[in-house]
Amino acid sequence: MSGAGAVTVRVPAKVNVQLAVGGARPDGFHDLANVFLAVSLYDEVTATPADALTVTCEGPDADKVPLDRTNLAARAAELLAARHGIAPDVHLHIAKDIPVAGGMAGGSADGAGALLACDALWGLDTPRAELLEICAELGSDVPFSLVGGAALGVGRGERLTELPVGGTFHWVFAVADGGLSTPAVYGEFDRLNEGVEVPEPVASPALLDALRTGDTAALAGALANGLQAAALSLRPSLAATLAAGTAAGALAALVSGSGPTTAFLVKDAESAESVAAALIASGTCRTARVATSPAAGATVVG
């Protein structure tokens, strides 16, 4: 899809190495302490001049990606164009490699990718702070997709502080059949915590230190996902996937974000291949993907 008059942006998936969730706010959102880590699974979004706004998609589960104005890539183009008083006349082509509806921010990645691609295609030079404002308007995870690396997200996750990472972490991601609705998982979190005083979410000092020093064993001991119980309640079969990865030698296992993708932190690249093969052989997931972190945020690549 790239070529003359086209801009392609590569944008990473994410894993939440800590997702601390507060009680429901009056606006329906939840306050979070959300430690994002970008991983080396990528979507690519290509923006090409067109007579109207259109979206196409290819790749695994592309048939499950909406191609209308509900797609975050399309909404990103509309919001950016509106800010600059121009028509959002662009064709957006998404090459998917991030699991769809898998808790790895694939849709958010496409929104951030489209925003950066359209900004470059239209020659707008929008300030980064303004791009991040548009990202926050698109969704809670979209700002991190633009930034990449590692960051602590507070509020509903959209207010970011970038974090230092002192080494490379190796991961395996087990992709489940079907997706899980993020609103449904938060709804189940609220149901499970009905009548319980949910503490204010705070970032774990031990986890932040493990990231800073690149200490894989310490990070394994600090991983936490406040939505995991809710995701397992809605999809009990994920417990078998978590158990299979742990039995195969993963240092730690957790549901990625709202799921249903499960994430396994491993010692090194060799361990990653071994755990991925064991997960596939276990029959508890559709496939398993190997990745490293941190990864760069949305980047123009063509």
Estimated FRET transfer efficiency (Ser233, Ser40; beta-carbon r; R0 22 Å; 0.05): 0.10
Degrees between helix 106-121 axis and first principal axis of the chain (Cα, 0 to 90, nearest 10): 30 degrees
Potential lengthening between Glu200 and Ile280 on full extension [0.36 nm per residue; Cα-Cα distance subtracted]: 25.0 nm
Shape call, the stretch 169-293: gyration tensor on alpha carbons, a/c limit 1.5: oblate
Spatial separation of Cα centroids for the stretch 111-159 and the stretch 4-45, in angstrom: 10 Å
Shape category assigned to the stretch 2-50 from the gyration tensor of Cα positions, a/c cut at 1.5: oblate
Between the stretch 223-270 and the stretch 179-213, the alpha-carbon center distance in angstrom: 15 Å
Local electrostatic count at Tyr42 - Lys and Arg +1, Asp and Glu -1, tallied over other residues with Cβ under 12 Å: 0
The chain: calculated mean residue ellipticity at 222 nm from DSSP helix runs of at least 4, using -39500 (n - 2.57): -10000 deg cm²/dmol
Net charge of Cβ neighbours under 12 Å - reference Ala20; Lys, Arg +1; Asp, Glu -1: -2
Acute angle (nearest 10 degrees) that the helix 182-192 long axis makes with the longest principal axis of the chain, alpha-carbon atoms: 40 degrees
In degrees, nearest ten, helix 269-282 long axis to first principal axis of the chain (Cα): 80 degrees
Rg/Rh ratio calculated on Cα atoms of the chain (Kirkwood radius): 0.97
Estimated FRET transfer efficiency when R0 is 30 angstrom, pair Ala6-Ser181 (beta carbons, to 0.05): 0.35
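Only the coordinates and a few stated rules stand behind these numbers; no lab work does. Computed from a prediction, not measured in an experiment: that's the story for all the values here. As a convention, Cβ positions derive from the backbone with ideal geometry for all residues, glycine included, and neighbour counts pool all protein chains shown.
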